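Below is one structure, written out as structure tokens, with a few remarks after it.
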Amino acid sequence: MGKKRKAFNLVLGVALLAWLSAWAAPAAAIGPNLEIQVDEPFEVNGEMYPAGTLQVRSLGDFSPTQNINELWLDDHCLGYLLARRGVAESAEKFTDSMFFTRSPEGHLVLAGYTVADSGAGELFRYQQQPRETAITAASLR
């Protein structure tokens, strides 16, 4: 293998490691950072979690219509979720908050969050994914 090829592979390897470590390390929130106390067990992507302090950190835009979020429960990273962006019906009706639905079994399911300080009000909804396709912090290490 030539020197140029080795140098290219080294640069590519370092760039890949830097990118992976940025995803695996606790990220600094770029957008809204919401925190609530959830008083009962809840579900995210088919996985049940105990009651605790839930935090959503916006890491920025993934695409023009989606935002990537990092979810934390107490001091443990649950993983990353894509949230579909929409415009809230009325900024006056919403505050910065998370919202849940109920599963057929009756437990809470994280459905999304709203951000009212952007003037128009933004709504972010999570599309629930099967456990096998969800991105978790453990799969990135």
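Remarks
- Check on Glu35, charged (D, E, K, R), in contact with a Pro (Cβ under 8 Å, 6 or more places away or on another chain) and either part of a strand (DSSP E or B) or modelled with pLDDT of 90 or more (or both): no
- Residue in region 49-59 that is modelled with pLDDT under 90 and surrounded by fewer than 17 Cβ atoms within 10 Å (Cβ to Cβ) present: no
- Pairs with Cβ under 6 Å, 6+ apart, first in region 39-62 and without any contact (Cβ under 8 Å) to a residue 40 or more places away in the chain, second in a loop (DSSP other than H, G, I, E, B) and among the acidic types (Asp, Glu): Ala51/Asp39; Ala51/Glu40; Gly52/Asp74; Thr53/Asp74
- When Ile30 is tested against (1) modelled with pLDDT under 90; (2) surrounded by 14 or more Cβ atoms within 10 Å (Cβ to Cβ); (3) not in a helix (DSSP H, G or I), only condition (2) is not met.
- Within region 103-124, considering residues that are outside any loop (DSSP other than H, G, I, E, B) and closer than 13 Å to Asn45 by Cα, the one modelled with the lowest pLDDT: Gly112
The values are calculated or read from the model by the stated rules, or taken from the named source; none is laboratory data. This one's a predicted model, so the numbers in the text were calculated from it and none came from an experiment. Don't worry about glycine lacking a Cβ; one is built from the backbone with ideal geometry, like all the others, and counts go over all protein chains shown.
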